[in-house]
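Notes to accompany the following structure.
The values are calculated or read from the model by the stated rules, or taken from the named source; none is laboratory data. These figures come from a predicted structure and were not determined experimentally. Methodologically, a virtual Cβ is constructed for each residue, glycine included, from the backbone with ideal geometry; neighbour enumeration extends over all protein chains shown. Note: accessible area is taken over every heavy atom of the protein model, side chains too, but ligands, DNA and RNA are not part of it. Shrake-Rupley method; radii C 1.70, N 1.55, O 1.52, S 1.80 Å.
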Amino acid sequence: MTVYPQEYKLNCTKIGFFHYDISMSIGSTALANYTNCLDFDNNCGGTVLNGAVENTVRYTVNITWDGMTVSSGSISQSTTGDQMYQCMLADYPDSNEIRMRNVTIKVPATAPSSLTEVNKTATTITVNWTALDSSDADGYVINVTSDTDTVQTVQVEGSSNNTITLNGLRELTTYSITVRAYQQLLGPAITISAFTHCQQKGIYLAYNENCYLNGSYFWDSSVNEVTKAISCVLPGTSLTTGQWVRVADPDDPVDCNSNNDSDPFRCTNVTSPDATINLYLAQGLSASQEGWYKCCLPTDCSDPNTNIIFANIFRFAEIESFTVADLPSDMTVYPQEYKLNCSKIGFFLYDGISVNIGSTALASYTNCDDRSSNCPGTELVSFSYTIRYTVNITWDGMNVSSGSISQSTTGDQMYQCVLDNPSAGDDRTRTLTIKVPETAPYSLTEVSKTTTAITVSWTALDSSDADGYVVNVTSDTGTVQTVQVEGSSNNTIRLNGLRGGTTYNITVRAYQQLLGPASTISVQTLPVINSINWTLVSSITQLNSTQYRIDCLTTTDINPSTDVYWLVNGVMKTPSGPPNNVRRFILNATSIKVNWTTSSETNGYVIEFTTGGVTRNVVSTSEDEIVLTNLSPMSTYTISVYSYIDLPSVNSTVTVLRFDVPSPVTSLSVSNVSNTGITVNWTIPSSDNYVTHYTISYTPSCPQLSSVNETVSVGPHQSTTTYSYTLAGLYSGMNYTITVRAGNVLGRSELSRSTVQTEARIPSGWPSSIQVLQVISTANRFTWNEVNCSERNGLITGYTVIISNSSITYNLTSTERYIILNDLVFGNEYNISVAAINSVGRGPFSDPIEVEIGIVPGPVGSVSSIMNATWAVISWSVPSYIPSDYPIITYEIGYHMLQSGCCPMVNDDKIDVQMLRFFNSTNGNAFTTRITGLDAMSCHIFGVRAYTDRGPSGWVFIANETLISTQFVTLTTCTQEVGSTNTVSGAVDGASIGLGAVVGLLLISLAVSIIINIYCFIKLKTYDTATAKQTNFDDDIPMQACEPYGIHKTKDAAREAVYECPDAIVNNSAIYET
């Protein structure tokens, strides 16, 4: 019974006839309901059982009970007391027989009453309640929670057991104690709040069911009622003459029965079992009465054996605490970080709060209102407006810093937290000191050293100035070791594990709570005597089969790097040093050439080369270069070159080579960007790479322009780490994608990429293909093509249009590639010219064209197609506008094959009218034509335009695909209308058996194709190429993948709703704009 909420199952098992309805419910709420169940299909999801009777099926409902509501899945029903469930079974469909079964689960209807705290200590609470009758309860469950979690849950058996002691609780803690009766399930709850004593013995303070330690702060506004009193408690004693006394006036204790400005308090007392005096304010607290008070129990404060505790009662706001947190315990971590916490308590309005060191404010907040949290503190206690302000501090040995604020300091660090109360209240200040040594250890001295250790000492500081020391050892490669030495008198240390012949910087700092200033010295360990490399010696051919004696000769005061000499047969036969300027070159996929120069006497050279830490070979030569062959590609080789006379030199010159294509360049960037040029910069691959050239590729964003590749040769051993290359002759205002690859004889690296835009200038080109389209009899639409992208010189933001004749001149602007005019005169001629505008200015105007208004028809409407393997039927509707004086004399149809497969979405700007094959329908009243001689399974573009005596209308295009064959027919089209894609596919499959079957299948295929396409033809949408240009900028429409056949209802801005079928209408904008 201790697990809550409670879960169980209801099982209703049906037998007999296989067709039925079944449900389970509580009251009028159906928890499960299944109809038209057929056992042989198991369509209602029951569990089939092997019973004695045929068609035995069990239905299960999972129930959750939370004390108030029964729920199963998303269905729930509130209930109290016993839970009564019903299972109903009815044969289907006539319900001739209805069977019902009921089940009742016992649940207490009421909660235990009169739950009361009987007794408590610091770790226990005893409670009892009025017992229920045995018919109403089998026992009880007691649940104990704190503000953090459930503490314990106890099950008590027996309805008469109505008292329990809860053990193992925490001091200073408030608990919620809940009691429920149970039978088969748990019943309703009763809850009380109780808190443990603050401690087993000794005096303490309590307020609002919370315990407070000695020196706690209380806001006067929070202790101004008898129910908000500060309780002073001494457990296990009886009150005699205890009292509260203001610390500033110890001879005038609080008069619990007074009520005036000089004594505004009232008291209530508890004599036993725990001596208690409760103190609260009967009226406002004056400025002279705020401050520290002490409570004395069980006797008055004059008794030297009494128990005393202090509390601060204040007006407005007060600083409750000012502390340091997270001081470092490991002094070897540097710089050091810690936190300052200043906690404010009391009145929610204050003029400001700040944390300072000296005169520098590390954090400062003004006009604070805790109700709106406008100052960034952390709320600790809501009812007393206790807010903690935290400042993160970093100490680097010289400066204290918090964020961007920094203050230099030496010695102890003294901080202040200042709270600025309103004018009627006193300001509050708290100080905090962090101990820091003021001076560095002095007389830091090297005591002794070996090849692997250094011993140093320093003058010890006094114990009041240091708790210990931190010794830090660094070399030119980084920190070697850091050691913390505890105790101010421990002033000598031996530093082990060092390398021979290496210079180390040794720094010593004293520490207390933080590290102080540093003393540093530099010490070099003794060098190591190098042994002879016998592998190198054996490779020198002139020493083979020769008997010789090898001696090591040293001076008395030895320095191994300069005072050790190897002799052969009593003669010094070692070169003074290795060769210089060792360089390596990749010759091919298996060979490397190595060369060098030397400045000392030598008989030859020994070359050792390794890969993967394994020695591959040692060779010698008398020349100043050598070719290493049979190497493994994609490996890294370490090559060491020694000089020798009889013995090789002690040291070698080492070079490392990645025997591979180079690593990619890094930090690719651009600079010096102008109208026509940029400088490309990059960091070359690391020195172990072999690079002979770089390939720079730059690709303009204009699709009509090609990428350009440039290759620059470089020396394979570059002393610099960066490289720059200038690209000239670029297009202005153009976006370029720039890639750089490093290369050698083995290939090129992975590419590194960057993008840049050259500086813009005014367009150098002008719009082309200016056209005039009659929208209606009183409105004309002027459209034009975009400026060639190589001549835009930046992003085109608008256009200037000049329309003029002998009577008028219009100077107009547009942000689109069209403009509509309503007041041009029918039959008049006008000159039209257009110029493009970018961010720099306006480009040149196009050559003017001369047009006569209203003499050509508008575009045709509703173009559609019916496709076969080798022919197409093209249909259209009459143009929306036809000049009254110039009737249509013919329609021109143009067509062109694009590609096989699913027709792509074709941008009308990409259609080359010059490639169209033309076909005329000479009857101006006919709106259908048949085009033959097409290729099967191919995508075709079809265009239609109307003609009068005065010229043609604009083209309207459609894209569609011819069928696969007469045996397997597929109608596959793609359409795009304002970003939508619709695709249709269908197939008629058949096998040809004999000539008669072939003919039959051909007729069936043709009939299916005609039916589908006529159905689509009735509902097709069309596209007007000339109109589409009005909103199309030069963005390509992406190819759309074919989707399953579908008819979609769409809306068109210029037509009523139509149904859209699968002919691919070439379009990327609204059908028509007016």
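Worth a mention:
- Single residue of the range 876-893 satisfying the filter (surrounded by 20 or more Cβ atoms within 10 Å (Cβ to Cβ) and under 57 Å from the mean Cα position of the chain (by Cα)) that is farthest from Leu1003 (Cα to Cα): Pro879
- Look at (1) in the same structural domain as Val381 (by the TED database); (2) closer than 19 Å to Asn208 by Cβ and you find that Ala282 fails only one, number (1).
- Within the range 42-91, the only residue that satisfies the criterion of being in a strand (DSSP E or B), free of Cβ contacts under 8 Å to residues at least 12 places away in the same chain and either of a type in the set (A, V, I, L, M, F, W, C) or outside the structural domain of Ile26 (by the TED database) (or both) is Val48.
- Every condition in (1) assigned to a loop (DSSP other than H, G, I, E, B); (2) modelled with pLDDT under 90; (3) among the β-branched types (Val, Ile, Thr) is met by Val107 except one, and the failing one is (2).
So that you can scan it fast, the table gives a plain yes or no per residue for (1) in a loop (DSSP other than H, G, I, E, B); (2) under 30 Å from Leu514 (Cα atoms); (3) in contact (Cβ under 8 Å) with a residue 12 or more places away in the chain:
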residue: Trp292; (1), (2), (3): no, no, yes
residue: Asp300; (1), (2), (3): yes, no, yes
residue: Ile309; (1), (2), (3): no, no, yes
residue: Asn312; (1), (2), (3): no, no, yes
residue: Ser321; (1), (2), (3): no, yes, yes
residue: Ser329; (1), (2), (3): yes, yes, no
residue: Thr332; (1), (2), (3): yes, yes, yes
residue: Cys342; (1), (2), (3): no, yes, yes
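- Sole exception among (1) among the hydroxyl-bearing types (Ser, Thr, Tyr); (2) within 29 Å of Asn421 (Cβ to Cβ); (3) open to solvent by 30 Å² or more (accessible area, probe 1.4 Å) for Ser216, by number: (3)
- All positions within the range 92-104 that are free of Cβ contacts under 8 Å to residues at least 60 places away in the same chain and part of a strand (DSSP E or B): Ile98, Arg99, Met100, Asn102, Thr104
- The range 181-203, subset open to solvent by less than 10 Å² (accessible area, probe 1.4 Å) and either at positive phi or outside any loop (DSSP other than H, G, I, E, B) (or both), residue modelled with the lowest pLDDT: Ala194
- Considering the range 208-218, the residues that are outside any loop (DSSP other than H, G, I, E, B) and modelled with pLDDT under 90 include one that is nearest to Ala111 (Cα to Cα), namely Asn210.
Each row is one residue, and each column tells you yes or no for (1) touching a helix residue (DSSP H, G or I) at 6+ places or on another chain (Cβ under 8 Å); (2) modelled with pLDDT of 90 or more; (3) assigned to a loop (DSSP other than H, G, I, E, B).
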residue: Asn119; (1), (2), (3): no, no, no
residue: Val127; (1), (2), (3): no, yes, no
residue: Asp136; (1), (2), (3): no, yes, yes
residue: Val141; (1), (2), (3): no, yes, no
residue: Val144; (1), (2), (3): no, yes, no
residue: Val156; (1), (2), (3): no, yes, no
residue: Asn161; (1), (2), (3): no, yes, yes
residue: Val179; (1), (2), (3): no, yes, no
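- Residues in the range 219-252 that are among the small types (Gly, Ala, Ser), open to solvent by 30 Å² or more (accessible area, probe 1.4 Å) and assigned to a helix (DSSP H, G or I): Ser221 alone.
- Lone unmet requirement of (1) open to solvent by less than 10 Å² (accessible area, probe 1.4 Å); (2) assigned to a strand (DSSP E or B); (3) at pLDDT 90 or above for Thr783: (3)
- The one condition in (1) touching a residue at least 40 places away in the same chain (Cβ under 8 Å); (2) within 59 Å of the chain's Cα centre (by Cα) that Val245 fails to fulfil: (2)
- In the range 662-685, the residues that are closer than 30 Å to Arg583 by Cβ, open to solvent by 40 Å² or more (accessible area, probe 1.4 Å) and either of a type in the set (Phe, Trp, Tyr) or in contact with a Lys or Arg (Cβ under 8 Å, 6 or more places away or on another chain) (or both): Pro664
- Listed by first and then second residue, the pairs with beta-carbon distance under 8 Å, at least 6 apart or on different chains, first residue in the range 756-773 and modelled with pLDDT under 90, second among the aliphatic types (A, V, I, L, M) and assigned to a strand (DSSP E or B), are Ile770/Ile832; Ile770/Val834; Ile770/Ile849; Val772/Ile832; Val772/Val851.
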